[in-house]
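As structure tokens, the structure follows; a few thoughts come after it.
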Amino acid sequence: MKTLPRRSLFLSLLAAATVAPAVSAAPVLVEAEAFENHGGWKLDTQFIDQMGSPYLMAHGLGNPVEDAETTVTFPKPGTYRVWVRTKNWIEKFPDPNAKAEAPGRFQVVIDGKPVETEFGTSGAEWHWQDGGEFTIDGTDAKVALRDLTGFNGRCDAILFADDPDFTPDNSSEVLPKWRREMLGLSGDPEAEGPFDIVFIGGGYAGTCGAISAARMGLKVALIQNRGVLGGNGSSEVRVWAKGNTPPGLYPVGDIIRELEDDAQASPGTYEEFEDDKKEKIVRAEEKIALFLNHHAYDVEMESPTKIEAVLALDTRSGAVRRFTARNFCDATGHGTIGMMAGADLTMIDGGRMGMSNMWRWELADSPQEFPGTPWALDLEEGEFPYPRKFHAEWFWESGYDKHPLADLEGIRDWNLRANFGAWNAMKNKGAYGRYDESGNAHANGRLTWMAYVGGTRETQQLLGDIVLTEEDIVNKRPFPDGCVLTTWSVDLHYPAEQYEKTYPENPFISVAVHGKGVDRKRGYPVPYRCFYSRNIENLFMAGRNISVTHEALGTVRVMKTCGMMGVVVGKAAAICSQYDATPRDVYEQYLKELIDLLRLPGNMRRDRLDGEFYEDPNLPKLEEPDMGFIPKASLSGIVIDDGEAKLTGNWTEGAGLSHYVEDGYRYTREKGATARYEFTVPKSGEYEVRLSFQPHENRSSKTPVTVVSAEGEKSQTVNQRVAPPLAKGFYNLGAFRFEKGEAGAVVLATEGVDGNVHADAVQVLPLD
């Protein structure tokens with residue numbers, strides 16, 4: 001073997017050392033949502049299940065938003081390749097306008113110097129866009145997201161790698177292992193619980209449900225993936241809360257009236273939706289653990305039919321929390337918890353009600369500029385409804401035939417394109433060039449708000465032991481567990497023919513078709529069996545994902561009705577905890593106990609499950625809304641209405657005098673006419689007998705009334721021109737003894753009267 005001289009050997013070793021590859025530093029991952037200062041960028045959490053992460057969006061209504069900023073620590077100075085997970089959000093659309101310059105362009109600025117590449121310029125789907133190399137001079141650098149357009153640029157994360165061969169994984173899995181490791185997050189989720197019940201979704205259904213459960217003495221968690229409560233009824237979406245909370249079966253509307261806001265329009269103003277009030281009410285409940293900005297993305301199953309835990313991602317820090325509970329309630333609207341748990345569900349193929357993204361504008365004192373939007377829908381006057389009263393309302397809606405989960409972000413983005421296209425037509429094309437009283441036209445108009453959080457109406461239905469149909473509602477089919485009065489009509493949305501010609505494959509304006517069959521004053525009682533899963537034994541549901549058909553969803557989906565569902569679930573959960581029962585057991589074994597809890601007004605609470613109920617002096621004592629009548633079901637004891645009385649002679653039906661029981665009353669002065677109210681008592685004893693009537697000057701001042709009891713017949717006369725002294729229009733006929741199994745009766749007659757005899761209802765109440 002040939003031996004090299006010592007000098008040659010040294011030079012060879014030096015050369016080898018010179019060409020040896022340098023050790024690469026670990027890549028640096030920066031999640032956009034974790035920026036220290038979001039600036040004017042919005043945190044968007046709607047599509048985590050589809051693309052894997054929360055992200056920041058520059059929703060500036062055509063004006064570039066303030067930079068988002070943070071400080072990033074690097075393992076060493078050097079040259080790094082910059083990767084940004086983003087997309088060109090119009091590129092997925094097939095129409096020619098989508099080929100225009102990307103509207104969501106932005107820059108990454110490092111220590112005041114922009115990376116040369118503009119981001120958000122290409123790629124129809126979420127991907128890591130290569131931004132080229134950038135030299136980092138120190139170990140700490142100020143990194144900013146700089147919006148260039150104001151038109152919804154979006155950034156999921158930034159990754160810095162000094163390894164030229166490194167390519168980020170583009171998995172849409174929620175917080176995959178490699179991202180968790182780069183962020184230094186623990187592999188084990190933080191334990192939360194155990195709770196009696198966890199509500200997932202902070203709309204009216206979940207929020208009111210959590211309050212209800214807490215007042216039953218339960219330990220409750222409420223998970224909401226945004227920073228405010230109210231769901232569609234929050235300042236982010238601004239759909240005014242509709243549906244009545246009528247007196248009737250049970251006072252389950254109390255908590256809804258306590259929580260509801262003052263919004264009088266859709267969309268209203270930020271202040272009208274009272275986000276702070278809603279949060280304050282929830283935080284006042286000591287038994288509620290509130291987790292805002294947490295997105296539930298997975299479930300763990302104890303068995304194929306029982307949920308053990310729900311995993312939720314902190315949408316700001318990336319931390320994962322594991323929630324364990326006896327029961328869970330899917331109040332997401334989308335039904336995603338049930339879907340992940342394997343609950344039986346259904347989704348219609350197409351023709352669903354869509355998503356709204358509403359907007360507002362105003363007239364300023366001077367001309368206002370608005371940049372052209374060649375990438376938006378190219379609209380002209382007549383192709384969209386003029387936004388009267390300075391706001392574009394609920395009917396700016398699309399997604400009827402799009403998949404309500406897989407296409408969710410695309411539905412929202414199509415709405416943005418329609419909204420900006422309409423505003424561009426008004427501002428830059430002279431469409432609807434209307435003038436106000438001051439002579440200002442659209443030249444002075446400016447956008448003030450546009451929802452980037454979509455108001456979704458229909459996704460999928462989780463199936464319970466009853467699937468409520470439109471026929472059930474129209475035919476007033478009775479259910480023994482009817483508990484929530486739906487008062488909205490069967491309101492289904494379809495594309496408006498007038499406006500669907502321009503974009504027939506994806507129309508963006510809807511029309512509401514209101515079906516008949518729902519009495520808006522009295523409502524139809526939705527059964528409890530629609531509020532729990534038929535195959536996941538510890539899963540409740542409340543809100544628009546309950547067990548109904550597409551048509552029946554048209555009436556139950558409005559927010560106040562959904563809120564009452566949550567109240568019922570909260571009380572049913574208390575029975576589950578008290579008796580170690582399932583939601584189905586509540587119906588099959590403990591329905592009477594549930595009804596007893598449903599009769600409690602919203603200001604009643606107990607401090608623990610085995611405690612005594614008391615009226616909380618810190619809670620409002622709400623009067624039931626005056627609907628002009630008294631529901632029979634709201635009255636205790638035995639109640640016989642005029643429609644159930646045995647009548648002789650000719651009686652006239654009436655409803656002109658308010659506060660009658662149920663559907664109206666009867667009156668007559670025909671000689672020999674009678675109204676006989678018959679009943680049997682459940683057990684022998686003393687009972688108070690009451691008569692309901694509405695006074696009027698043409699009524700008899702000496703109406704003969706006879707009570708038939710175990711003591712025989714006792715008669716008296718009643719002055720029906722004078723208002724009855726008892727609550728809800730009742731007159732005390734006295735105390736009488738009745739025997740179980742023996743018929744009792746109250747009989748009204750016309751002998752010797754000096755006016756009309758008025759027959760409404762009879763109430764029989766036990767005295768012992």
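The values are calculated or read from the model by the stated rules, or taken from the named source; none is laboratory data. On a predicted model such as this, the values are computed, not experimentally measured, just so you know. Glycine gets a Cβ as well: all are built from the backbone with ideal geometry, and neighbour counts include every protein chain shown.
Among the residues of segment 22-57, those identified as in contact (Cβ under 8 Å) with a residue 24 or more places away in the chain, of a type in the set (A, V, I, L, M, F, W, C) and not in a strand (DSSP E or B) are Ala25, Ala26, Ala32, Ala34, Phe35, Trp41, Phe47, Ile48, Met51. Looking across Gly421, Gly455, Gly433, Gly445, one residue alone is in contact with a Gly (Cβ under 9 Å, 6 or more places away or on another chain) and either small (Gly, Ala, Ser) or not assigned by TED's automatic domain parsing to the domain that holds Leu363 (or both). It is Gly455. Candidates are the residues of segment 285-327 that are outside any strand (DSSP E or B) and under 21 Å from the mean Cα position of the chain (by Cα); the one that is nearest to Arg215 (Cα to Cα) is Glu285. The residue list Ala443, Ala422 contains one member that is assigned to a helix (DSSP H, G or I) and surrounded by fewer than 20 Cβ atoms within 10 Å (Cβ to Cβ), which is Ala443. When Asn732, Asn756, Asn719, Asn698 are checked against the criterion of being closer than 22 Å to Lys632 by Cβ and polar (S, T, N, Q), a single residue qualifies: Asn732.
Condition test on Phe160, is it at pLDDT 95 or above, outside any loop (DSSP other than H, G, I, E, B), buried (at least 21 other Cβ atoms within 10 Å of the Cβ) and over 34 Å from the mean Cα position of the chain (by Cα)? Yes: the conditions hold for Phe160.
With respect to Thr373, determine if the residue is in the same structural domain as Gly570 (by TED's automatic domain parsing) and either in contact with a helix residue (DSSP H, G or I) (Cβ under 9 Å, 6 or more places away or on another chain) or under 30 Å from Ala296 (Cβ atoms) (or both). Considered against the rule, which asks whether it is in the same structural domain as Gly570 (by TED's automatic domain parsing) and either in contact with a helix residue (DSSP H, G or I) (Cβ under 9 Å, 6 or more places away or on another chain) or under 30 Å from Ala296 (Cβ atoms) (or both), Thr373 comes out as no. Evaluation of Lys501 against the conditions (1) within 27 Å of Leu408 (Cβ to Cβ); (2) assigned to a loop (DSSP other than H, G, I, E, B); (3) in contact with a Pro (Cβ under 8 Å, 6 or more places away or on another chain); (4) not β-branched (Val, Ile, Thr) shows that the sole unmet condition is (3). Among residues of segment 16-29 being within 23 Å of Leu313 (Cα to Cα) and surrounded by fewer than 21 Cβ atoms within 10 Å (Cβ to Cβ), the one that is modelled with the lowest pLDDT is Pro27.
Listed by position, the strands (runs of 3 or more DSSP E) contained in segment 611-703 that have at least 3 residues being surrounded by 16 or more Cβ atoms within 10 Å (Cβ to Cβ) are 638-641, 665-668, 674-679, 685-692. With respect to Arg721, determine if the residue is modelled with pLDDT of 95 or more, surrounded by 16 or more Cβ atoms within 10 Å (Cβ to Cβ), among the charged types (D, E, K, R) and outside any strand (DSSP E or B). When the stated conditions are applied, Arg721 passes them. When Met301 is tested against (1) within 26 Å of Glu593 (Cα to Cα); (2) modelled with pLDDT of 95 or more, exactly one condition is not met: (1). Of all the residues in segment 328-344, those that are part of a strand (DSSP E or B) and either surrounded by fewer than 20 Cβ atoms within 10 Å (Cβ to Cβ) or of a type in the set (Ser, Thr, Tyr) (or both) number 0. Scanning segment 52-80 for residues that are buried (at least 19 other Cβ atoms within 10 Å of the Cβ) and either closer than 13 Å to Ala141 by Cα or not small (Gly, Ala, Ser) (or both) gives Pro54, Tyr55, Leu56, Met57, His59, Leu61, Val65, Asp67, Tyr80.
Per-residue answers, yes or no, for (1) touching a helix residue (DSSP H, G or I) at 6+ places or on another chain (Cβ under 6 Å); (2) without any contact (Cβ under 8 Å) to a residue 60 or more places away in the chain:
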{"position": "Leu591", "(1), (2)": "no, no"}
{"position": "Arg599", "(1), (2)": "no, no"}
{"position": "Pro617", "(1), (2)": "no, yes"}
{"position": "Met627", "(1), (2)": "no, no"}
{"position": "Gly637", "(1), (2)": "no, no"}
{"position": "Asp642", "(1), (2)": "no, no"}
{"position": "Tyr665", "(1), (2)": "yes, no"}
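Within the option set Arg257, Arg316, Arg283, being in contact with a Ser or Thr (Cβ under 9 Å, 6 or more places away or on another chain) and of a type outside the set (Val, Ile, Thr) holds for one residue only, Arg257.
Every listed requirement among (1) surrounded by fewer than 17 Cβ atoms within 10 Å (Cβ to Cβ); (2) not in a strand (DSSP E or B) is met by Glu713 save one, (2).
Within segment 129-184, the set of residues being without any contact (Cβ under 8 Å) to a residue 24 or more places away in the chain and aliphatic (A, V, I, L, M) is empty. The residue that is surrounded by the most Cβ atoms within 10 Å (Cβ to Cβ), counting only those in segment 516-550 that are assigned to a loop (DSSP other than H, G, I, E, B) and of a type in the set (A, V, I, L, M), is Ala542. Across segment 345-377, the number of residues qualifying as out of contact with any Asp or Glu (no Cβ under 6 Å at 6 or more places or on another chain), assigned to a loop (DSSP other than H, G, I, E, B) and not small (Gly, Ala, Ser) comes to 15. Looking at Ile223, is it more than 22 Å from Ala25 (Cβ to Cβ) and surrounded by 18 or more Cβ atoms within 10 Å (Cβ to Cβ)? Yes, satisfied.
If I filter segment 482-498 down to residues being outside any loop (DSSP other than H, G, I, E, B) and not hydrophobic (A, V, I, L, M, F, W, C), which single residue comes out as nearest to Trp394 (Cα to Cα)? Among those that are outside any loop (DSSP other than H, G, I, E, B) and not hydrophobic (A, V, I, L, M, F, W, C), it is His493. Just a yes or no: is a residue in segment 75-84 assigned to a strand (DSSP E or B), within 19 Å of Pro168 (Cα to Cα), within 34 Å of the chain's Cα centre (by Cα) and at pLDDT 95 or above? Yes. The set of residues in segment 378-391 being in a helix (DSSP H, G or I) and either touching a Pro at 6+ places or on another chain (Cβ under 9 Å) or touching a residue at least 24 places away in the same chain (Cβ under 8 Å) (or both) consists of Lys389, Phe390. Just the residues that are charged (D, E, K, R) and closer than 18 Å to Ser547 by Cβ, please, taken from segment 562-591. Within segment 562-591, Arg584, Asp585, Glu588 meet the criteria.
Of all residues in segment 324-343, none are charged (D, E, K, R) and either under 19 Å from Gly433 (Cβ atoms) or out of contact with any helix residue (DSSP H, G or I) (no Cβ under 7 Å at 6 or more places or on another chain) (or both). For segment 244-276, the tally of residues that are in contact with a helix residue (DSSP H, G or I) (Cβ under 8 Å, 6 or more places away or on another chain), outside any loop (DSSP other than H, G, I, E, B) and without any contact (Cβ under 8 Å) to a residue 60 or more places away in the chain stands at 1.
Of all the criteria given as (1) in contact with a Pro (Cβ under 6 Å, 6 or more places away or on another chain); (2) outside the structural domain of Gly201 (by TED's automatic domain parsing), the one not satisfied by Leu619 is (1).
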